[in-house]
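Chemist: A single structure is presented below for examination.
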Amino acid sequence: MKYGVGIDISKGKSTIAILSITGEVIEEPFEINHDINGLNLLEEKIKDIPKEDLKIVMEETGTYHLPILGYLLDKGYFVVAENALKIKKYLDRGLRKAKTDKKDSYKLAEYCCDNWYKLNKVRENDEIYDNLRFLSRQYLGHIAVQTKQKINFSNLCDLLFPGYYQLLDENTFILGLEIFKKYYHPEIVINKKQSQFVNEIDKLAKKLGHKGVGITLANKIYTLAQKTISPRPNNKYTQLSVECCIDELILTIKSSTKIISEMDKLARELPEYSVINKIPGCGKKLTSRVIAEIGDVRRFKNAGSIIAYAGLDAPPYQSGQFEATNRHISKRGNKYLRKTGYEVMKSIKSSCKSDNELKSYIIKKENEGKLKKVAKIAGLNKFLRMYYGIVKKKYKELEIW
């Protein structure tokens, strides 16, 4: 006899039902907390069922399901973490839409029994892939905060020192932040002699490792201070706002840099690192992030599976005499992979030579009348197919496919 376990995941607790494949209720829905006592209770309920006759289905919830998923995998059970949308479609199949945790756990157990022979066991990720994915999410969180603080910094520049933000570029941004923290108002700058101001900035630049940049930037700032008018006065409130903004922005920049450096070290241990790192336009930031989001390519049966995983597929739509010809991408996959991949396409488009295969393909699509964004998505589709083929070949050479 085959048995299905349905686990409805909530924050910190779960509701569980157990059915046989014939529809017999083995265990009425019961609740457990995501702690040692709760997990031991779950194992007590299923310990008498042979593991080869038991499958467990839960909804993939992001993070809430991870404690119970990890516990069951460690115990050697067949666990399925199913796509949330797929489960929702199944739960809504009835005419009467009643929703409780108990009903959902029962329906999940039904889903397990109905799809017994189609279920795919969760594949335990290699520790490197798991750590990369975790760090990638943390990196994106820091970048989100960093973006907000950059907007705040830009607004402060407009209010206190109009034109200052435009003097900075990617190479001098940290230096510009340190200067602004002390000289956030034109009044403070022009109260010093130009030579004195330039010498101070030059020393600060050298201290931060910027040789030859400080003098040029200092002269530009001093010239701007002489002709600009600040909308706000120089007082302790503006100073407080500047210090808080600059300190938080520098902290997030340093944190994200530290995380991406660690991701690069981890990714270098994987065979695919050398493959993607050779692609022009993929620096260490993008290389490690792409690997983190794709994970182990061996879990995909073909290149089309990666395309679907990224949500870049455009499924056919046909009914009777009608067949849709203008289909949009599904966007039902990993949004972080789409975001990272789009950044890769932007990098390739802006930094690669014209004879680069992917850049030529993107330009070709643009020349066909495609919007620039659509052309880059087409390029990403091609990039993922190339990535799968090259990495698969690499693994087979190493005989670890």
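The values are calculated or read from the model by the stated rules, or taken from the named source; none is laboratory data. Predicted, not measured: the structure shown is a model, and the values here were computed from it. Here the Cβ positions follow ideal geometry from the backbone for every residue, glycine too, while neighbour counts run over all protein chains shown. We work out accessible area using only protein heavy atoms, side chains counted, and drop any ligands, DNA or RNA first. Shrake-Rupley method; radii C 1.70, N 1.55, O 1.52, S 1.80 Å.
Chemist: Please report, as a whole percent, how much of the solvent-accessible surface of the chain comes from carbon and sulfur atoms (probe radius 1.4 Å). If you can, show how the numbers build up before the last one.
Modeler: Values: 11260 of 22550 Å².
The nonpolar share, carbon plus sulfur, comes to 50 percent.
Chemist: Nearest 20 debye, what's the magnitude of the dipole of region 259-356 about its Cα centre given +1 on Lys and Arg Cβ and -1 on Asp and Glu Cβ?
Modeler: Details: 18 positive and 10 negative charges, 38 e Å.
Dipole of region 259-356, to the nearest 20 debye: 180 debye.
Chemist: How would region 226-347 be classified by its alpha-carbon gyration tensor: rounded, prolate or oblate, with rounded meaning a/c under 1.5 and the a/b versus b/c comparison settling the rest? Intermediate values should be presented prior to the final figure.
Modeler: Values: a/c = 3.40, a/b = 1.70, b/c = 2.00.
Cα axes put region 226-347 in the oblate bin.
Chemist: How far apart, in nm, are two points set 7 Å out from the Cα along the Cα-to-Cβ line at VAL374 and at LYS182?
Modeler: Going by the 7 Å Cα→Cβ label model, 5.3 nm.
Chemist: Next question, about the same structure. For the pairs LYS254/LYS339; LYS51/LYS99; LYS86/LYS285; LYS89/LYS331; LYS121/LYS376, note any where the Cα-Cα span goes beyond 24 Å. Intermediate results must be reported in sequence, preceding the final value.
Modeler: Working: LYS254/LYS339 22 Å; LYS51/LYS99 30 Å; LYS86/LYS285 33 Å; LYS89/LYS331 17 Å; LYS121/LYS376 34 Å.
Exceeds cut-off: LYS51/LYS99; LYS86/LYS285; LYS121/LYS376.
Chemist: Which of the pairs LYS192/LYS258; LYS118/LYS346; LYS150/LYS335; LYS150/LYS206 have their Cα atoms more than 31 Å apart in this structure?
Modeler: Numbers: LYS192/LYS258 37 Å; LYS118/LYS346 39 Å; LYS150/LYS335 24 Å; LYS150/LYS206 24 Å.
Too far apart for the 31 Å limit: LYS192/LYS258; LYS118/LYS346.
Chemist: For LYS370, what charge total do you get from the other residues with a beta carbon under 10 Å from its beta carbon, if Lys and Arg give +1 and Asp and Glu give -1? Could you put the intermediate results ahead of the total?
Modeler: Details: positive: LYS364, LYS365, LYS372, LYS373, LYS376; negative: GLU366, GLU368.
Summing Lys/Arg as +1 and Asp/Glu as -1 gives +3.
Chemist: Listed highest first by mean packing, meaning other Cβ atoms within 10 Å per residue, what order do 46-54, 252-260 come in?
Modeler: Averaged packing, sorted descending, gives the order 252-260, 46-54.
Chemist: Would you list which aspartates and glutamates come within 14 Å of LYS211, measuring only between C-alpha atoms, while excluding same-chain residues fewer than 8 positions from it?
Modeler: Within the straight-line limit of under 14 Å, LYS211 reaches these aspartates and glutamates: GLU200, ASP202.
Chemist: What distance in nm separates the simple spin-label points at VAL145 and CYS244, each placed 7 Å from Cα in the Cβ direction?
Modeler: Once both label points are built, they end up 1.5 nm from each other.
Chemist: Find how much the distance from ILE190 to ASN120 grows on full extension, using 0.36 nm per residue of separation minus their present alpha carbon separation; answer in nm with one decimal.
Modeler: 18.3 nm
Chemist: Which angle between 0 and 90 degrees, to the nearest 10, do you get for helix 357-367 versus the longest principal axis of the chain when only C-alpha atoms count?
Modeler: 80
Chemist: Evaluate the Debye formula for the chain with equal point scatterers sitting on the alpha carbons, no solvent, and hand back log10 of I(q)/I(0) at q = 0.06, 0.08, 0.13, 0.14 Å⁻¹, in q order, two decimals.
Modeler: -0.39, -0.64, -1.15, -1.22
Chemist: Which of the peptides 6-13, 242-249, 103-110 is most tightly packed, and how do the rest follow, judged by the mean count of other Cβ atoms within 10 Å per residue?
Modeler: Working: 6-13: 19.5, 242-249: 17.4, 103-110: 22.8.
The most tightly packed comes first, giving 103-110, 6-13, 242-249.
Chemist: Another one. Any idea what angle helix 101-114 forms with the longest principal axis of the chain, computed on alpha-carbon atoms, 0 to 90 degrees, nearest 10?
Modeler: Taking Cα atoms only, the helix is inclined about 70 degrees.
Chemist: How big is Rg to Rh over region 284-401, alpha-carbon atoms, Rh as the Kirkwood inverse-mean-distance radius? Don't skip to the end; give the middle numbers.
Modeler: Values: Rg = 15.5 Å, Rh = 15.4 Å.
Reported Rg/Rh (Cα atoms, Kirkwood Rh): 1.00.
Chemist: Quick one: P(r) of region 194-281 from all Cα-Cα pairs, 5 Å bins, percents rounded to integers, in order of increasing distance.
Modeler: 2, 11, 10, 12, 17, 14, 10, 8, 7, 6, 3, 0
Chemist: Could I ask something else about it? Dipole of the chain (Lys/Arg Cβ +1, Asp/Glu Cβ -1, origin at the Cα centre): which of LEU251, LEU66, GLY163 lies farthest to the positive side?
Modeler: Towards the positive end, the residue furthest out is GLY163.
Chemist: Let me check I've understood the local charge: for PHE30, count other residues with C-beta under 12 angstrom from its C-beta, Lys and Arg +1, Asp and Glu -1. What total comes out?
Modeler: Numbers: positive: LYS13, LYS45, LYS102; negative: ASP8, GLU27, GLU28, GLU31, GLU44, ASP101.
Value of the local net charge: -3.
Chemist: Can you list residues from other chains, or at least 5 along the same chain, whose modelled amide H is less than 5 Å from the amide H of LYS13?
Modeler: HIS34
Chemist: Next up: Of the listed peptides 279-286, 390-397, 363-370, 341-348, what is their order by residue-averaged count of other C-beta atoms within 10 Å, with the highest listed first?
Modeler: Details: 279-286: 18.0, 390-397: 15.2, 363-370: 13.2, 341-348: 20.8.
Result, highest mean first: 341-348, 279-286, 390-397, 363-370.
Chemist: If you place +1 on the Cβ of every Lys and Arg, -1 on the Cβ of every Asp and Glu, and leave all else neutral, what size is the dipole of the chain about its Cα centre, to the nearest 20 Debye? Numbers along the way, then the final one.
Modeler: Numbers: 70 positive and 49 negative charges, 378 e Å.
Roughly 1820 debye for the chain.
Chemist: Something else: At ARG137 and LYS396, where each label point lies 7 Å from the Cα along Cα→Cβ, what is the point-to-point distance in nanometres?
Modeler: Going from the ARG137 label point to the LYS396 one covers 3.4 nm.
Chemist: What does the helix-only formula give at 222 nm for the chain: each DSSP H stretch with n ≥ 4 adding -39500 (n - 2.57), the total divided by the residues, and the result rounded to the nearest 500 deg cm²/dmol? Write down the numbers at each step before the final one.
Modeler: On the way: 16 runs with 229 residues, N = 401.
Taking each H run of at least 4 residues, the total per residue is -18500 deg cm²/dmol.
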